[in-house]
Amino acid sequence: MTRRPSRVISGLGFKTLLISTLFSLACIWLPASNSSQVEPQWHHSSSCQSSPSRSPFSAFQPSTPPLLTSSTAAPQPTPSSRTTLLGLSFLTQNSSPPQPPTLYQSQTQLINPTLSTTLQTLIQTSSYTFPINTTGTHVLRLHFFPFTTKSYYLINSSNFNVSSPQTFFLGSFSPSASNTSTIKEYYLWLDTVGLTLTFTPNSPSLAFISAIELFTAPPFLIDNNTIKPRPVSTTGQDLNIGNLAHQSLQTLYRLNVGGPQINTTNDTLWRTWTPDDTFLYFEPLSKVNSTNTDKIIYGNDSRNTRDIAPELVYSTVREMNISDSFRVAYFNFSFNVTWTFNVSTGYKYFIRMHFCDFVSAQPLDLVFDVYIGGASAYPNLRLGTLTNKTLYRAYYLDFITDDDVVRNSGLLNVSIGLSSNSTASTANAIMNGLEIMKINNSDGSLDGIFYSGKSHLGLPVIIVSAVAATLVSLIVVAITIVILTRKKSKPAPATINPKANTKTAGSCSPHHNDSINKCSSGATPRMKMGLELYIPLSDIKLATHDFDEALVIGHGGFGKVFKGVLSDGTMVAVKRAMGRSRQGYPEFVNEINLLSKIRHRHLVSIIGYCDEMGEMILVYEFMENGTLKNYLYGSPDLPCLSWKQRLQVCIGAARGLDYLHTAHSPVIIHRDVKSTNILLGQDFLAKISDFGISKLGPLLGEDTYVSTGVKGSFGYFDPEYFTMLKLTTKSDVYSFGVVLFEVLCARPVIDPRFKDEAVNLADWALHYLKKGKLEKIIDVRLAGEINPKSLEKFGEIAERCLAKHGDDRPTIGDVLWDLEYALQLQETELMREPHEDSGTVDSQIQYLSLMRRVSFACTDIDEDK
C-alpha cells in the first residue's frame, strides 16, 4: 500500500538570533514497509493517512533530490527507510555558519504548529540555496506569518524583496496584518543548477521568512506542448510566449466555484481552494449545485487526474439562475455570470477553468460562451463534445490573455453566458473551478519592478528616481498654489467624502473626521458642503409634520417620499432613507454630488439634504403630478394623457438625458431610466429623477465604455450591459426605448399575467412591430387618436433604441430629433414619408443641438469612488 508523500519541517538555529527558523520542505516519501523497495507514488486521499477504500493511482514519479546539506553534517537517511530529503544550505553576509537542523516528520499535518511562533529575521541580504538534480516544473511556496516580538514589530519593520537569478518574485513586500498567514505560490522551471532565493531588506527595514516549500510538480501540470492554451486578446492576434512551462508563474486566485473552502489535506499538491462568492459581480444571477464526489469521473487521460484538481472541486458547480418563470418572463433572455478580480496591468495571465457537467439532462444539451476581460475566449463551448458525451466527467481548459485584456482599471473579468446556439429550454452555463496565474514579464519580473537577473536597483537608478521625485514634488507644489489661488476667487463646489461611513443615531459623528465639523458634547455634526444645501433635521420634521404617514406620496428602493412645506412656503418632496433601504450611503452621496452641480429644465432639482442623527434625507423640488407610470397604468383615477401629451413627455425626458450625455465630460449615465423615474410637474412638464446609481462614463466624444456591476431595474436592462457589464450612454437609450413602448401600450414592462413572449413588453411590442401590427397593442384609450405616420415614426424610434448591440442604437440626441418630428407629424398630419436619419441630417441636427446647449454651464464632476 502506497502512502501520500509527506513534507519535512526543518529548522535552522543561530546563536546570534533569538528567533528560530522554520522551513517546510517537500518531499518525503515514507515506505510501504521497511522490507520492500517501493518507488514513491502520488495518490489521492481525503487526509494525510492512506485510504484503503480507494485504489491508489500514479500521477508521476519524482526523481530523488539531493540530501539536506549544510556546513556541518546533516543526519543521513538510511537506504531502508526510502526517505528522500530536498536539501538546502543557508548563506548570509553577517552570520556564522548554521547549526545542524532539527527535522520534524509528520503525516497528519502539513505545516508544523510552531510556524506561527518561529521565523527567520534577516537584517542584510541573505540567500537560501536549493540544489536540484531534476529538470522540470517545481512548486515554490513562501510562507509569511508576522507577529510581534520583544525586538521587532514585523508589520511596521519589514519591507524587502525576494528574487532569484532568473525571477523577481516580490518587490517592497510587507505583511498586511499581524497574526495572519500570507502564502505566495509560484511555478518555476528548474534544472540541475538549482534555486537560490535571495531576501533583500529595504533599509532600514528587515526581511523575514516563516517557511519555504519546494517540490517537483507533475510534468503535465503546466504544459502547453500537448494541449495549447487558447489565446485571448481584444485584437484577436495569436500570442507567442514560447514554452509556458519555462516561464515563471505566480498563483493569484484559486477558486472552488460554487463550493466551500478546500484545505491542503484534501488536495494531492497541498493547495487551498477558496470559495468564489466574494468575487461575483452580481450573485443573484447564479445558483450553486452539488453532487457526490464518488460520481466524478477522471477518465483514462493521464493528464486529467486528481493532481489537476480534486473531486471536491468538480462536485460543486455554479450555474445560471434560470427558473421556469424566468424563462417565461424573458423569452429572449441573455445575461452572464461574472467574476471580477484585481490584477496588475502590463502582464499576461494564465487562466485554467474547471468544468464538470452534472446538471444537464443530456451531455450535449449544455452549450455556452466564455469571456475573459470582455473578449470572447471560447464561443459555443459544448462540453459534451470534449468529454466524449459523458456527464460527471472532469475537464479543464487553459487560456492565456494578452496584455490588452486587462485595462487601466486593473480588473480582470471572467464570464460565462448563453451561446447563440442555446435553446430556451436547455440554456445554461456552468463553472466548477477557476485558477488565475500571472506570467512573468520580459524582464523576468512578477512584481512590476525591473529586474535584470544580475543586480537590483543600483545607484544610477536611485539618482534618477530622486531627481524625478524632486521634479514631481515641484510640480505638485505649483499645482497646489494655482488651485488655492483659484479657490480664493471662486466658491468651492459642494462635495461629500464618498468613502465616509454612517453610524447609528446618537453617535458624535456619522462620517470621517475629515468630512465633518468637529462636534462637542451633544452637538450634531454635518458634512462640509455648501451651507445653502444643508437643511437641519428640525426644519425637515416641521415641514413633514414629523414624517406624518398621511403625507407619504411614494415609495422606492431608497425609502419613503413625503410631501412637505418649508418655513418659507416652498413645497418640497422629502425622500427619507429607511433603515433597511436597498440603497445606502454611496447612493446618497452620489446623488447630492451630482445634482448639486447640474441644472436643467428637464432634470429634477435638489433643494437640500440632511444627515443628522444617522438620517439620510434628500429634499427635492415638488412635482405635483407624480410619476409618468401612474398616468399610464398605475392609478385608474388619474386622467388619461393624450397622444400629444405623451409625446411631449417623452421629448422632455429625452432632453434631460441628452443634457446628461452631451453637456458634461465625462458624460453622465443615468443607469435607471424608467417610467417611475420620470416625474411630471406643472402642465405635465417631464423631468428625470433619481440619480442614486448614476455613473460617470467616458470623456465626451470617446467611443468606449465603463466596466461596472449591474444596477438598475429588470425589464429596462440593456442586454450588453446586463451580459458584458459594458455601460455606455447607449444603455440609457435602450432603457428609454422600453419607456417609449410603455408610453404607447400603457402596460408594465414585465407582466406575468401574459404568456410566453408577451410577458416582456419589449419582446411583445417588437414582435407586433415586425409583423406590421403595432396598432393592435396600443393603449385602447388612444384608439383613433394617433396619426398613422406619427405612430410609424414612433415605432421606428423605439425599435432602433432596442437594438441588441449598442453600436446599432441611435444617440439620445437622434431620438430627441425623431420624437420632435413624430410630434410634428401628429400636429400637422403630414402625409409625406417620415424623414430618414441620413448622415448629413444627423450632423446638422447634432450641430444645432450643440448650439442649443452652449447656454448651459457646468462644473466639473468628480467620479464616484
Report task. Looking only at region 239-246, decide whether some residue is β-branched (Val, Ile, Thr) and out of contact with any strand residue (DSSP E or B) (no Cβ under 7 Å at 6 or more places or on another chain). Result -> no
Query raised in the report: Of all residues in region 360-405, which are farther than 25 Å from Leu221 by Cβ and either in the same structural domain as Tyr705 (by TED's automatic domain parsing) or in contact with a Pro (Cβ under 7 Å, 6 or more places away or on another chain) (or both)?
Result: Asp369, Gly384, Lys389, Leu391
Report task. Please verify whether region 722-739 includes one or more residues that are touching a residue at least 60 places away in the same chain (Cβ under 8 Å), under 37 Å from the mean Cα position of the chain (by Cα), surrounded by fewer than 19 Cβ atoms within 10 Å (Cβ to Cβ) and assigned to a loop (DSSP other than H, G, I, E, B). Result -> no
Requested in this report: Could you please let me know if Thr385 is part of a loop (DSSP other than H, G, I, E, B), over 30 Å from Phe754 (Cα atoms) and touching a residue at least 12 places away in the same chain (Cβ under 8 Å)?
Outcome: no
Report task. For region 836-859, state whether one or more residues are assigned by TED's automatic domain parsing to the domain that holds Tyr716, closer than 17 Å to Thr662 by Cα, at pLDDT 90 or above and among the small types (Gly, Ala, Ser). Result -> no
Report summary line: Counting only residues in region 766-808 that are charged (D, E, K, R) and closer than 25 Å to Pro636 by Cα, the one nearest to the chain's Cα centre (by Cα) is identified as Asp779
Query - Selected residue (criterion: farthest from Pro219 (Cα to Cα)) from residues of region 273-307 that are among the basic types (Lys, Arg) and surrounded by 15 or more Cβ atoms within 10 Å (Cβ to Cβ) - result: Lys287
Query raised in the report: Taking into account only those residues within region 404-435 that are aliphatic (A, V, I, L, M) and part of a loop (DSSP other than H, G, I, E, B), which is farthest from Val232 (Cα to Cα)?
Result: Ala424
Query raised in the report: Pick from Val780, Val706: which is in contact with a strand residue (DSSP E or B) (Cβ under 6 Å, 6 or more places away or on another chain), in the same structural domain as His664 (by TED's automatic domain parsing) and either acidic (Asp, Glu) or over 28 Å from His555 (Cα atoms) (or both)?
Result: Val706
**Report entry** Residue count for region 630-653, restricted to those that are in contact with a strand residue (DSSP E or B) (Cβ under 9 Å, 6 or more places away or on another chain) and in contact (Cβ under 8 Å) with a residue 60 or more places away in the chain
**Finding:** 5
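The values are calculated or read from the model by the stated rules, or taken from the named source; none is laboratory data. Values in this document were obtained by computation on a predicted structure and should not be read as measured data. Note: ideal-geometry Cβ built from the backbone for every residue, glycine included; neighbour counts use all protein chains shown.
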